[in-house]
Amino acid sequence: MPKLTVFFKDKVIHSGLFENGIVHIGRDETNDLIIDSMAIAPAHAVIIIRDDACTVKQLNDEFPLIINGKKTKACNLNDNDTISIGKHDIVFNTVKFIAPEASNNPIDEDVKLLNQEIDNELQIPAANLQIMNGSNIGKVLQLKKSMTRLGHDGNGVIAILKRKEGYFVSVLENAGTITINNEPLNDKPLKLNMNDVLVVNNTSLQFFLN
C-alpha cells in the first residue's frame with residue numbers, strides 16, 4: 001500500500017496511506033492530496049496506483065513535475081522516490097503490513113479479555129509504526145492491541161498503550177538504546193504524535209495515524 005509523505009522545508013506537514021486507484025494532487029480542494037501553495041497547479045499531478053506498479057503523471061505543462069531532481073511528464077515510482085512540485089517534496093513509499101512478534105511472556109486469558117474490552121471502548125484512530133531502516137524497511141506494524149510490546153529482553157523493550165486520549169509509549173527495559181526524536185525515552189508514559197520517530201535497538205520506527 002503506497003504511503004505519501006509531504007515535506008515543506010524538510011518538515012513533515014502531511015502523511016497518508018492510499019488504496020489502489022488514482023490520487024489527484026494539487027492546490028484545488030477537490031484533490032485527494034491538497035497542497036495549499038500558489039507554486040502548485042490547481043490540478044498538478046496524478047498518481048495511478050495498481051497492484052503491480054505506481055505511475056505519476058504531470059497534468060499541467062506550466063507547472064513542472066520533478067522526480068529525484070529530474071523533470072519528467074510521467075514515470076513509474078519506486079520506494080523512497082521524491083516527487084517535487086512547487087516548493088514541496090512528496091516522498092513515495094510502498095508499505096507492507098506485518099503482525100507484531102509474539103511476546104515470549106504468556107498473557108493470561110483474563111488479560112486478553114480485558115484488552116478486548118478496552119479495544120471495544122476506545123474509539124480512536126488506528127495507528128501504525130513504519131520501519132525506516134534495516135532489512136524490513138518500508139514495512140508497517142499495525143498497533144491493534146491496547147498494549148503492543150516491542151524490543152528484545154536484554155537489549156531494550158518498550159510498550160505502546162492505546163488509551164482514549166491517544167497512544168502512549170513507555171520503556172519496560174532500557175539498555176540505553178531507546179530514543180524518540182533523538183531524545184532519550186524514560187519509563188514515564190509519553191504521548192505519541194504524528195511522525196514521531198522511535199529508535200529501539202537501532203531500528204527506527206515512524207509513528208503515524210490512519
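The values are calculated or read from the model by the stated rules, or taken from the named source; none is laboratory data. Quick caveat: nothing in here was measured; it's all calculated off a predicted structure. As a convention, Cβ positions derive from the backbone with ideal geometry for all residues, glycine included, and neighbour counts pool all protein chains shown. Surface accessibility is based on the protein's heavy atoms, side chains included, excluding ligands, DNA and RNA. Shrake-Rupley method; radii C 1.70, N 1.55, O 1.52, S 1.80 Å.
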In debye to the nearest 20, how big a dipole does the chain give about its Cα centre with +1 on each Lys and Arg Cβ and -1 on each Asp and Glu Cβ? 480
Compute, for region 1-59, the length of the dipole vector about the Cα centre, with Cβ point charges of +1 (Lys, Arg) and -1 (Asp, Glu) only. Units Debye, rounded to 20. 220
What base-10 log of the normalised intensity I(q)/I(0) is obtained for region 1-82 from the Debye formula, alpha carbons as equal point scatterers, at q = 0.15, 0.16, 0.18, 0.26 Å⁻¹? -0.51, -0.59, -0.77, -1.67
Counting only heavy atoms of protein chains, what accessible area per residue, in Å², does region 1-104 have with a probe of 1.4 Å? 58
Would you mind calculating the gained length between I137 and N193 on full extension (0.36 nm times residue separation, minus the Cα-Cα distance), in nm to one decimal? 18.1 nm
If the limit is 20 Å between Cα atoms, which of K9/K162; K3/K57; K57/K87; K164/K188; K145/K191 go over it? K9/K162
extent check for region 34-74: Cα max minus min per principal axis, descending, whole Å, gives 34, 22, 16
Compute the projected area of the convex hull of the Cα atoms of the chain, averaged over all viewing directions, and report it in nm² to one decimal place. 13.2
In degrees between 0 and 90, to the nearest 10, how far off the longest principal axis of the chain does helix 109-121 point, with axes built from Cα atoms? 40
Ordering of 187-193, 197-203 by burial proxy (mean other Cβ atoms within 10 Å per residue, highest first): 197-203, 187-193
The chain: calculated mean residue ellipticity at 222 nm from DSSP helix runs of at least 4, using -39500 (n - 2.57): -2000 deg cm²/dmol
Sulfur and carbon atoms: percent of accessible area, region 163-210 [1.4 Å]: 48
Go ahead and run the numbers for FRET between E19 and T177, Cβ-Cβ distance against an R0 of 35 Å, rounding to 0.05. 0.45
With the full set of protein chains in place, find how many percent of the accessible area of region 1-64 is carbon and sulfur; take the probe as 1.4 Å. 49
